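Read through the structure below, which is laid out as structure tokens, and then see the notes.
The values are calculated or read from the model by the stated rules, or taken from the named source; none is laboratory data. This structure is a prediction, so every number in the text was calculated from the model and none was measured. We place every Cβ from the backbone using ideal geometry, glycine too, and count neighbours over all the protein chains shown. With ligands, DNA and RNA removed, areas are computed over all heavy atoms of the protein, side chains included. Shrake-Rupley method; radii C 1.70, N 1.55, O 1.52, S 1.80 Å.
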Amino acid sequence: MKTEIKIQGMSCMHCVKRVKNAIAQLDGVTFVDVLLDEAKAMVEFEESKVTTTLLEETIVKTGYTPVK
């Protein structure tokens, strides 16, 4: 499954790296790209292992806010 999540609060490439690394460590994530200019994460994952809620919770744990 593919999803795109808007993220509030990122201001630099360190922020991007922090979010990208956190999402990439989740078991079942097969691709992640985080774009600072567009303030979003694009994620591909296995639905049997990852949910959008888990992705959003992971973003919150890194200190940023997913926007619905």
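Take M10 and decide whether it is open to solvent by 60 Å² or more (accessible area, probe 1.4 Å) and not charged (D, E, K, R).
no
So, T3, is that one of a type outside the set (A, V, I, L, M, F, W, C) and crowded, with 18+ Cβ neighbours inside 10 Å or not?
When the stated conditions are applied, T3 does not pass them.
Testing R18 on (1) open to solvent by 20 Å² or more (accessible area, probe 1.4 Å); (2) touching a residue at least 40 places away in the same chain (Cβ under 8 Å); (3) not in a helix (DSSP H, G or I), one condition comes back false. Which one is that?
Result: R18 passes all but (3).
Mind listing whichever residues of the range 23-68 are open to solvent by 20 Å² or more (accessible area, probe 1.4 Å), of a type outside the set (S, T, Y) and part of a helix (DSSP H, G or I)?
A24, L54, E56, E57, V60, K61
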